[in-house]
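The structure is given below, and queries will be raised subsequently.
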Amino acid sequence: MRVLFLNGDHPWEGRDGYYKLTRQVLTMLSEEHEVHLLALAGSELVRDSKKENLASMNVLFKSKKNKKVSQIRSIVSKDSMVTWQFKHRDLVEVVNDRIAKIQPDVIILNHMRSAWLAPHIKSYARLVYIAHNAEAHAIGSISKNETGVMKQITKLESSKLTRLESDILNAVDTCVALTEEDRDRLKQLCNKPDFKVIPPPIKLPAIKSEILKPNLLLIGSYKWYPKRKNALWLANEVMPLVRETFPHLSLKFVGESASQLEEELGKLPNIEYHSDVPEIEPYLTAGDIFLVPERQEGGIKIKTLEAASYGLPIVSTRAGMEGSTLVNGKNILQANTAQEFATQISYMLLNPEETREMASGAQKTIAETFNADKVKSQYEELLLSERVLDVVR
């Protein structure tokens, strides 16, 4: 089957969950089908030695719009920041021209970064939208934790995303959600398309973490304001409570732009910063307690799944657990306030045997629920169901 995979940016440009899932889906599809990757913006020079064997890969514009400029434009216009970041002159015409040349059986619009084009696409091909989040709900959940100008900006963006998601869902044939919760949220906006739930694939690593004398670990990209705010909250609100009982326990911030956290926090006791590391596996195999202070609802937190796959014990907010199928008190501990985080961390440290059992149970759950072969078969079934004979090409 000939598949056009429409993406907002170059899939090999980043390392966070969005990019990782995008690469995983491309890998699965390209094993069985003729996949043409079309990125709206990014650098064609970014390559990966393990890049999948795509039929073609093209980037339409060499750079994305400045994020701050896009945000300002979104405030004073009817379009969302997502649209402004990828909107270029004549983009719709260029995309439709490429579609006409490729003549795909199926067009996959990955994430809202490309799916905003769905109402403008001219093709007989079936349109499949992979919704990484129920975006309007996710941004709306951020606004609940903000004040002042930032609260107003996020509320405004949420309302624009609500309209945009509705337009997208009206234009596509199938919507793939990562969780049942997001499927239900999106259905409330528009129940026209066929909705399917396909989780991200997670492969168990060869090495399982050995939990001996754990410290605390947070991995993520701190360029994004909500993620950085969560990290600052851990350092300023949770760690002082933890140090009352465990004065020598350290917290490691690992990931893109962790150095920015250091600039904002300064030198605090027992806080480590590991910025822009080439690989995160060494940190996932150290046997630390993995923290998920996520406030944004919607989607699925890939880092939660990865931490569980390595056999790490996890303390997470309710939002951080969403879609993971992990159960509070059984294979993960839930905490939503600073005091709850401190209490649950202390519980794990004081009950090492139970902590190991929870971590082992979480790893088993991830292995069963997010099995890569199972997820691949779900995508295969999806594509076969989207085949339209005697219409395309």
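Test LEU241 against the criterion of being open to solvent by 40 Å² or more (accessible area, probe 1.4 Å), part of a helix (DSSP H, G or I) and at pLDDT 95 or above, and give yes or no. Quick ask: steps written out before the conclusion?
Working: open to solvent by 40 Å² or more (accessible area, probe 1.4 Å): yes; part of a helix (DSSP H, G or I): yes; at pLDDT 95 or above: yes.
Yes; evaluated as a whole, the condition is true for this residue.
Next question, about the same structure. Can you spot a residue in segment 211-231 that is over 28 Å from GLU135 (Cα atoms), part of a loop (DSSP other than H, G, I, E, B) and within 20 Å of the chain's Cα centre (by Cα)?
no
Then there's this: Taking segment 245-277 as the search range and keeping residues that are charged (D, E, K, R) and free of Cβ contacts under 8 Å to residues at least 40 places away in the same chain, which one is surrounded by the most Cβ atoms within 10 Å (Cβ to Cβ)?
Initial filter on segment 245-277 (charged (D, E, K, R)): 252, 256, 262-264, 267, 272, 276.
Narrowing further to those that are free of Cβ contacts under 8 Å to residues at least 40 places away in the same chain: 252, 262-264, 267, 272, 276.
Numbers: LYS252: 20, GLU262: 17, GLU263: 9, GLU264: 13, LYS267: 6, GLU272: 14, ASP276: 12.
Within segment 245-277, the match that is surrounded by the most Cβ atoms within 10 Å (Cβ to Cβ) is LYS252.
For segment 284-303, which residues satisfy the criterion of being at pLDDT below 95, closer than 23 Å to ASN236 by Cβ and not in a loop (DSSP other than H, G, I, E, B)?
Across segment 284-303, the qualifying residue is only LYS303.
Now for a different question. Filter the helices (runs of 4 or more DSSP H) completely within segment 304-393 down to those with at least 1 residues that are open to solvent by less than 20 Å² (accessible area, probe 1.4 Å) and within 28 Å of SER30 (Cβ to Cβ). Break it down stepwise before answering.
On the way: elements: 318-321, 338-350, 352-369, 372-386.
In segment 304-393, 352-369, 372-386 are the helices (runs of 4 or more DSSP H) which contain 1 or more residues that are open to solvent by less than 20 Å² (accessible area, probe 1.4 Å) and within 28 Å of SER30 (Cβ to Cβ).
Residue check: is ASN133 within 25 Å of THR83 (Cβ to Cβ) and open to solvent by 70 Å² or more (accessible area, probe 1.4 Å)? Break it down stepwise before answering.
On the way: within 25 Å of THR83 (Cβ to Cβ): yes; open to solvent by 70 Å² or more (accessible area, probe 1.4 Å): no.
For ASN133, the condition - within 25 Å of THR83 (Cβ to Cβ) and open to solvent by 70 Å² or more (accessible area, probe 1.4 Å) - is not met.
Is one or more of the residues making up segment 21-33 at pLDDT below 80 and either over 28 Å from PHE370 (Cβ atoms) or in a helix (DSSP H, G or I) (or both)? Spell out how you get there, then give the answer.
Start the filter on segment 21-33 by keeping residues that are at pLDDT below 80, which leaves none.
Scanning segment 21-33, I find no residue that is at pLDDT below 80 and either over 28 Å from PHE370 (Cβ atoms) or in a helix (DSSP H, G or I) (or both), so the answer is no.
Could you check, for segment 224-238, whether at least one of its residues is open to solvent by less than 10 Å² (accessible area, probe 1.4 Å), closer than 25 Å to HIS137 by Cα and in contact (Cβ under 8 Å) with a residue 40 or more places away in the chain?
So the first thing to find is which residues in segment 224-238 are open to solvent by less than 10 Å² (accessible area, probe 1.4 Å), and the list is 231, 234-235, 238.
Narrowing the set further to residues that are closer than 25 Å to HIS137 by Cα leaves 231, 234.
Applying the additional criterion that residues be in contact (Cβ under 8 Å) with a residue 40 or more places away in the chain yields 231, 234.
Yes, segment 224-238 contains a residue that is open to solvent by less than 10 Å² (accessible area, probe 1.4 Å), closer than 25 Å to HIS137 by Cα and in contact (Cβ under 8 Å) with a residue 40 or more places away in the chain.
So which helices (runs of 4 or more DSSP H) are wholly in segment 93-187 and hold at least 2 residues that are more than 22 Å from TYR18 (Cβ to Cβ)?
On the way: elements: 112-115, 135-143, 148-171.
The qualifying helices (runs of 4 or more DSSP H) are 148-171.
Which numbered condition trips up LEU161, out of (1) free of Cβ contacts under 8 Å to residues at least 60 places away in the same chain; (2) aliphatic (A, V, I, L, M); (3) in contact with a Gly (Cβ under 9 Å, 6 or more places away or on another chain)?
(1)
The values are calculated or read from the model by the stated rules, or taken from the named source; none is laboratory data. Remember, it's a predicted structure, so these values are computed and weren't measured experimentally. FYI the Cβ positions are ideal-geometry reconstructions off the backbone, even for glycines, and counts take in every protein chain you see. Calculation scope for accessible area: heavy atoms of the full protein, side chains included, ligands and nucleic acids excluded. Shrake-Rupley method; radii C 1.70, N 1.55, O 1.52, S 1.80 Å.
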